[in-house]
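Read through the structure below, which is laid out as structure tokens, and then see the notes.
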Amino acid sequence: MINYKDMIADIIVENVSDLTKEDVLGMIEVPSDEKMGDYAFPCFRLAKVLRKAPPLIAKDIAAKIEGNEVFEKVESVNAYVNMYISRGNFAKELVKEVIEQKEDFGKSNLGAGKKVIVEFSSPNIAKPFHIGHIRSTVIGNAIYKLYDCLGYETIRINHLGDYGTQFGKMICAYRRWGNKEDVIKEPIKTLLQYYTKFHVEAENDPSLDQEARDIFTKLENGSPEEMELWQWFRDESLKEFTVVYDMLGIEFDSYAGESFYSDKMDRFVNELKDKKLLQESNGANIVDLEPYGMSPALITKSDGSTLYITRDIAAAVYRKEHYDFYKNIYVVASQQNLHFQQWFKIVELLGYEWAKDCVHIPFGLVSLEDGTMSTRQGRVVFLEDVLNRAVNQTMEIIREKGVATDDIEATAKQVGIGAVVFQELSNNRIKDYTFSWDKVLNFEGETGPYVQYTHARAASVLRKASEESVAKAAKLEMFNPEFISSDSAYELAKLIYKMPDVIKEAAEKYEPSILTRHIINIAQGFNRFYHHEHVNVENESEKLTKLALVISAKTAIKNGLALLGMSAPEKM
RNA sequence: GGGGCACUAGCUCAAUGGAUAGAGUCGCAGACUUCGAAUCUGUCGGUUGGGGGUUCGAAUCCCUCGUGCCUCACCA
């Protein structure tokens, strides 16, 4: 497949010696209006260098590019060079490539030999997995898939919140008011009840806090009884989390949470001391970050115990030594911006040059209509409930419409859960949003079901044609680009063509929504084409050619959805 | 109070410093005897929070003010 941008850049660089290819690639753009061509090159900035009026420069450049057979037309309009791709050849090359590559369309080997760690989801043990957790979980998964697709070796880490004084409280509460059967039946809800009760009781009886601290100290020192309980809480919680992960089709390579690093922290406290970075302050140890415009970072508490910043430092060093990452990505809420800035800086001050390879990918806050989420006050929406309701609603819609899917339940899961995932990945991650049932259960317009429906519709068109025709179309038999040179067909082809670049951009910017939006565009393009033209027509050549385009669009949508962690049903 | 982020159509959101700021949704008007109407077509809708500045060109960069959210030492 021709890389048009690359080609244009080469021609321009050849003729304008003052520019590097990189400059030119950055300047080439896609006009807002397709009537102005497929690619455009604005010449304003060349005026100073070339000491010539922009329109004249545009005219000269246009003359150089013109005559190249891949373009149907090249013209200069004021200071712009507008280039129109020759449609027939383009469509044929594109369709051929997509059909040949199938599920590999969009992949590349850009990251061959480089390891990327993505830390995401990371819920707290014994706390509910609620709608707020969907963000890190789903965005992180998409980022992992994007990097995987670009050929990077990836490691998915679920950095479980499985350590800290809270577990002293939990064990304390369990021993006082707990019951084994209840925990087994509903681990998280029960444990949370104990935890909440602990806080209520501790208000009246401060000795409880001391008891909890003592228990945690025992746990830290490896006391068998405490360890056993902790391990049990952890296992039961993880079982419950796994239900949700299975629904979402998400897996991890490592569940090394905070506890994993509990014995790996002394080294850094000592290193900080040796490098004279640590200061004593009110009995605690801090790193002064004032010179870098940040508030001080608390490394150890006045009682000598460590905090999560120390664990994060230990974890990062462990990962560097254990995996030797190229990039170490943290998909964690924007609330923790300062935390990450602080410890990235500390790692840098410790002299680790790879500090620059650690990236925090923040995302905005989810709130509920009646305020921010609060588990203790019962203001919480469980992720599992959201997914289940979306699935149930899908089931109803499928029954209403009477579509003959092979397995209604399986399809409803794909569509319902897909709807929730897709919506999560639709907007820029940095935006805050308010959770609303109406919105999450809306399946019309720019939604997951819309895109999946489009895919199912394409599948349906292929079913309508004979298997033989589809096989012939896939081999580009009787292919005549004339039949897909209409505006709607051409726009669709262009959108498919851009997908590999969009995948790269989404990965570079750690922004899955860029891909989500593009998939919507492809779906819109397909639906427009579908309504505008008939595919299964009498004329064999026309039919086979259009079928080839349908196969390509279907492939692109399916591959795109897969990168978002969604499946694309054949019927729905 | 310090720091950070956000502010674009009634609502939810797009827009690598480029040409006339685009979608979806809502409202209104249409399209199923023709490959799936979870669809499509048309229409209505804008002082890009206010004000300065830089630039040939600003929603985008800089300054300033406003509003909202997050964060700032023994939770994570």
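The values are calculated or read from the model by the stated rules, or taken from the named source; none is laboratory data. The model shown is predicted, which means the values in this text are computed figures rather than measured ones. Note that we place each Cβ from the backbone using ideal geometry, even for glycine, and neighbour counts take in every protein chain shown. Heads up: the accessible areas ignore ligands, DNA and RNA and are worked out on the full protein's heavy atoms, side chains in. Shrake-Rupley method; radii C 1.70, N 1.55, O 1.52, S 1.80 Å.
A few comments on the model shown:
- Residue within the range A:62-71 that is more than 17 Å from A:MET1 (Cβ to Cβ), in a loop (DSSP other than H, G, I, E, B) and within 14 Å of RNA strand B (Cβ to nearest atom) present: no
- Which numbered condition A:ARG213 fails, given (1) open to solvent by 80 Å² or more (accessible area, probe 1.4 Å); (2) away from RNA strand B (no atom under 15 Å from the Cβ); (3) assigned to a helix (DSSP H, G or I): (2)
- Yes/no for A:GLU491 being under 32 Å from the mean Cα position of the chain (by Cα), of a type in the set (D, E, K, R) and either under 23 Å from A:GLU424 (Cβ atoms) or within 11 Å of RNA strand B (Cβ to nearest atom) (or both): yes
- Listed by position, the helices (runs of 4 or more DSSP H) inside the range A:386-465 whose residues that are at pLDDT 95 or above and surrounded by 13 or more Cβ atoms within 10 Å (Cβ to Cβ) number at least 3 are A:408-424, A:448-464.
- Restricting the range A:11-31 to residues that are part of a helix (DSSP H, G or I) and in contact with a strand residue (DSSP E or B) (Cβ under 7 Å, 6 or more places away or on another chain), the residue that is surrounded by the fewest Cβ atoms within 10 Å (Cβ to Cβ): A:MET27
- Within the range A:534-553, tally of residues that are among the charged types (D, E, K, R) and open to solvent by less than 30 Å² (accessible area, probe 1.4 Å): 1
Table: residues versus (1) modelled with pLDDT under 95; (2) of a type in the set (S, T, N, Q); (3) surrounded by fewer than 16 Cβ atoms within 10 Å (Cβ to Cβ); (4) more than 36 Å from the chain's Cα centre (by Cα).
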residue: A:ASP33; (1), (2), (3), (4): yes, no, yes, no
residue: A:GLY37; (1), (2), (3), (4): yes, no, no, no
residue: A:ALA53; (1), (2), (3), (4): yes, no, yes, yes
residue: A:VAL70; (1), (2), (3), (4): yes, no, yes, no
residue: A:VAL74; (1), (2), (3), (4): no, no, no, yes
residue: A:ASN82; (1), (2), (3), (4): no, yes, no, no
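- Evaluating A:MET373 against the criteria (1) more than 9 Å from RNA strand B (Cβ to nearest atom); (2) under 23 Å from A:ASP162 (Cβ atoms); (3) at pLDDT 95 or above; (4) not polar (S, T, N, Q) leaves one unmet condition, (3).
- A:ASN527 meets each of the listed conditions (1) more than 19 Å from A:GLU34 (Cα to Cα); (2) buried (at least 16 other Cβ atoms within 10 Å of the Cβ); (3) within 7 Å of RNA strand B (Cβ to nearest atom) apart from (1).
- Residues in the range A:432-453 include none that are of a type outside the set (Ser, Thr, Tyr), over 20 Å from the mean Cα position of the chain (by Cα), near RNA strand B (Cβ under 9 Å from one of its atoms) and under 17 Å from A:GLY249 (Cβ atoms).
- The set of residues from the range A:265-294 being open to solvent by less than 60 Å² (accessible area, probe 1.4 Å) and in contact (Cβ under 8 Å) with a residue 24 or more places away in the chain comprises A:MET265, A:PHE268, A:VAL269, A:GLU271, A:LEU272, A:LEU277, A:VAL287, A:LEU289, A:MET294.
- Scanning the range A:142-165 for residues that are polar (S, T, N, Q) and open to solvent by 30 Å² or more (accessible area, probe 1.4 Å) yields one hit, A:THR165.
- Screening A:ALA173 with (1) out of contact with any Lys or Arg (no Cβ under 7 Å at 6 or more places or on another chain); (2) among the aliphatic types (A, V, I, L, M); (3) without any contact (Cβ under 8 Å) to a residue 40 or more places away in the chain gives one miss only, at (1).
- If you go through the range A:122-135 and keep only what is open to solvent by 10 Å² or more (accessible area, probe 1.4 Å) and either closer than 24 Å to A:LYS320 by Cβ or part of a helix (DSSP H, G or I) (or both), you end up with A:SER122, A:GLY132, A:HIS133.
- Sole residue being over 23 Å from the mean Cα position of the chain (by Cα) and in contact (Cβ under 8 Å) with a residue 24 or more places away in the chain, chosen from A:ILE329, A:ILE346, A:ILE361: A:ILE346
- In the range A:299-335, the residues that are open to solvent by 60 Å² or more (accessible area, probe 1.4 Å) and either assigned to a helix (DSSP H, G or I) or modelled with pLDDT under 95 (or both): A:LYS301, A:SER302, A:ASP303, A:TYR308, A:GLU321, A:HIS322, A:GLN335
- Considering the range A:227-255, the residues that are in a loop (DSSP other than H, G, I, E, B) and either open to solvent by 20 Å² or more (accessible area, probe 1.4 Å) or touching a Ser or Thr at 6+ places or on another chain (Cβ under 6 Å) (or both) include one that is nearest to RNA strand B (Cβ to nearest atom), namely A:TYR255.
- Residue tally, condition of a type in the set (D, E, K, R), more than 9 Å from RNA strand B (Cβ to nearest atom) and farther than 14 Å from A:ARG45 by Cα, over the range A:15-35: 3
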